[in-house]
Every structure is written in structure tokens, then in C-alpha cells.
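See below for the structure under consideration.
The values are calculated or read from the model by the stated rules, or taken from the named source; none is laboratory data. As the structure is a computational prediction, the values presented were derived from the model and not from experiment. Here the Cβ positions follow ideal geometry from the backbone for every residue, glycine too, while neighbour counts run over all protein chains shown.
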Amino acid sequence: GAVVSQHPSWVICKSGTSVKIECRSLDFQATTMFWYRQFPKQSLMLMATSNEGSKATYEQGVEKDKFLINHASLTLSTLTVTSAHPEDSSFYICSALAGQYQETQYFGPGTRLLVL
Amino acid sequence: GQQLNQSPQSMFIQEGEDVSMNCTSSSIFNTWLWYKQDPGEGPVLLIALYKAGELTSNGRLTAQFGITRKDSFLNISASIPSDVGIYFCAGHNTDKLIFGTGTRLQVFP
């Protein structure tokens, strides 16, 4: 199957700082990637859809100025959490569309963010 | 956001037993998928279902796409300790995945 990587795996930062998370498709090109957030013992909630070369589409309730998404190439999307606060602490997971008909999402291993 | 309802929420079973879990929605989906998530990891695709009524197997796993396109079930036969994890169903329409609430599976030797 298609392989998606994320970097870093873990990040601990002080409140008020910005954190960048990378999502890469390793063996395929992905015009569409997705960013999810998962709080402990909860399901994955879609934050935004990232399209290569265009602006991301954000889900209702997700602040686009706080969660900056850049999809500058066919293998890389980045999520920047700006001015992070403790309530932003969560597990951030990206996925990329792959398959003959772009019908399947393959997920990265996730990035755990802890804001102190 | 919208979620699919999964049941049961948690299961505690003995190694070797069969497991069944299901997923229901008020909306129709064109594709149903089942994922497994280990602690601290991203979800891994187990089975994808593309047609209403479709029954698909992947080793000890079997899943069916409901005729109404509003539900799906996943069966695991002869469970083993490495089956432990959280199982999520997901419905797919257009370009978005909507995830279920998850079923947490514990397998005891």
C-alpha cells in the first residue's frame, strides 16, 4: 500500500509558539491530503482538505488563520499550528488520497503535540 | 462534525473467540471502509467496500456493506492478541471520510 510519513512524531512546545508538522507521501504523488485531529479516546475529526497548488478547504469550526496549511508539492503538505495553546494539544494525523480512482485514504503515523 | 455510530463501544474477549462490530449512519455512503488504529499510530486500512450488499474478506476479517448503504459490519474470527486496538468504520462520499466513534477491542490470552 501507499506510505505516508509525518514529522515530527512528538513535539512539546511552550504556549504562544508556532509548530509545523509535515506530511509526506513517500512512494506516490498526492494531489489531495487531509488533516485530522484526534483527542484522547475520541474518533478522528477532519480539520481541512489540502489541495496541491490551491488553498485548503477548512471544516466548520476550524480556524484557518490558526491552522495554516501549505501543499506546495505533490508529496508534501504542512500544517502549522500558530500561537499554540494548551487546548491545541492533540494527536494530529494526515492522510493522502491514492489508488487508481483516488478512492482510498492512507494515513500517516500521527504527530502528538503537547503545548505547555 | 458528523460521526457514524459504532457498537459496541468496547469489547473484552478471550483469544480464539470471534468478534462482531457494526456501524450505522443516518446518511447514505458510496463507500465504507474499516480501519484499525494501534495506540499512538495512524489508522491502517483493513477492508474497503464499494457496492451495497458487498461481502469482502481479508484473512480472518470479513466485512459487509449494508443493502441500504447506511450500515456495515466487521467480523474477526479466531481472535489473537495482536487484534487489540481500536477499530473505526468510515463512510466515504465525494472526497471526505466520516469516521465512526470507534470500537475498542481487548483480547485476553
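Among the candidates A:Leu68, A:Leu74, A:Leu79, single out the residue that is within 19 Å of A:Thr32 (Cβ to Cβ) and touching an Asp or Glu at 6+ places or on another chain (Cβ under 6 Å).
Working: A:Leu68 fails: touching an Asp or Glu at 6+ places or on another chain (Cβ under 6 Å); A:Leu79 fails: touching an Asp or Glu at 6+ places or on another chain (Cβ under 6 Å).
Of A:Leu68, A:Leu74, A:Leu79, the one residue that is within 19 Å of A:Thr32 (Cβ to Cβ) and touching an Asp or Glu at 6+ places or on another chain (Cβ under 6 Å) is A:Leu74.
Go through (1) over 28 Å from A:Thr32 (Cα atoms); (2) out of contact with any strand residue (DSSP E or B) (no Cβ under 9 Å at 6 or more places or on another chain) for B:Val107 and report which single condition fails.
B:Val107 satisfies all of (1) over 28 Å from A:Thr32 (Cα atoms); (2) out of contact with any strand residue (DSSP E or B) (no Cβ under 9 Å at 6 or more places or on another chain) except (2).
Mind checking whether some residue in segment B:72-93 is within 14 Å of another protein chain (Cβ to nearest Cβ) and more than 16 Å from B:Met21 (Cβ to Cβ)? Show your work before the answer.
Applying the first criterion (within 14 Å of another protein chain (Cβ to nearest Cβ)) to segment B:72-93 yields B:85-93.
Next cut, more than 16 Å from B:Met21 (Cβ to Cβ) only: B:92-93.
The answer is yes; a qualifying residue exists.
Please tell me if A:Val3 is of a type in the set (Val, Ile, Thr) and modelled with pLDDT of 95 or more.
Details: of a type in the set (Val, Ile, Thr): yes; modelled with pLDDT of 95 or more: no.
Considered against the rule, which asks whether it is of a type in the set (Val, Ile, Thr) and modelled with pLDDT of 95 or more, A:Val3 comes out as no.
Taking segment B:38-54 as the search range and keeping residues that are within 11 Å of chain A (Cβ to nearest Cβ) and not hydrophobic (A, V, I, L, M, F, W, C), which one is surrounded by the fewest Cβ atoms within 10 Å (Cβ to Cβ)?
B:Pro39
To keep it simple, each residue is scored yes or no on (1) surrounded by 20 or more Cβ atoms within 10 Å (Cβ to Cβ); (2) among the hydrophobic types (A, V, I, L, M, F, W, C).
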{"residue": "B:Ile67", "(1), (2)": "no, yes"}
{"residue": "B:Asp71", "(1), (2)": "no, no"}
{"residue": "B:Leu74", "(1), (2)": "yes, yes"}
{"residue": "B:Ser77", "(1), (2)": "no, no"}
{"residue": "B:Ser82", "(1), (2)": "no, no"}
{"residue": "B:Gly91", "(1), (2)": "yes, no"}
{"residue": "B:Thr103", "(1), (2)": "yes, no"}
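Counting only residues that are among the basic types (Lys, Arg) and within 14 Å of chain B (Cβ to nearest Cβ), give me the strands (runs of 3 or more DSSP E) lying completely in segment A:10-116 with at least 3 of them.
Numbers: elements: A:10-13, A:19-25, A:32-38, A:45-51, A:67-73, A:76-81, A:90-98, A:104-107, A:111-115.
Counting at least 3 such residues, we get no strands (runs of 3 or more DSSP E) at all.
Cβ contacts < 6 Å: first residue assigned to a strand (DSSP E or B), restricted to segment B:53-70; second residue charged (D, E, K, R) and surrounded by 11 or more Cβ atoms within 10 Å (Cβ to Cβ), any location; separation 6+ or different chain. Result?
B:Phe65/B:Glu54
Return the residues of segment B:11-37 that are at the interface with chain A (Cβ under 10 Å from one of its Cβ atoms) and farther than 10 Å from B:Cys89 by Cβ; say none if nothing qualifies. First the steps, then the outcome.
Residues of segment B:11-37 that are at the interface with chain A (Cβ under 10 Å from one of its Cβ atoms), as a first pass: B:30-31, B:33, B:35, B:37.
If the condition is that a residue be at the interface with chain A (Cβ under 10 Å from one of its Cβ atoms) and farther than 10 Å from B:Cys89 by Cβ, then B:Asn30, B:Thr31, B:Gln37 are the ones that fit.
Might you let me know whether segment A:91-104 holds any residue that is farther than 29 Å from B:Asn30 by Cα and not small (Gly, Ala, Ser)? Write out each step before concluding.
Narrowing segment A:91-104 to residues farther than 29 Å from B:Asn30 by Cα: none.
No, segment A:91-104 contains no residue that is farther than 29 Å from B:Asn30 by Cα and not small (Gly, Ala, Ser).
Quick one: count up the residues across segment B:94-109 that are at pLDDT below 95 and either touching an Asp or Glu at 6+ places or on another chain (Cβ under 8 Å) or away from chain A (no Cβ under 14 Å) (or both).
2
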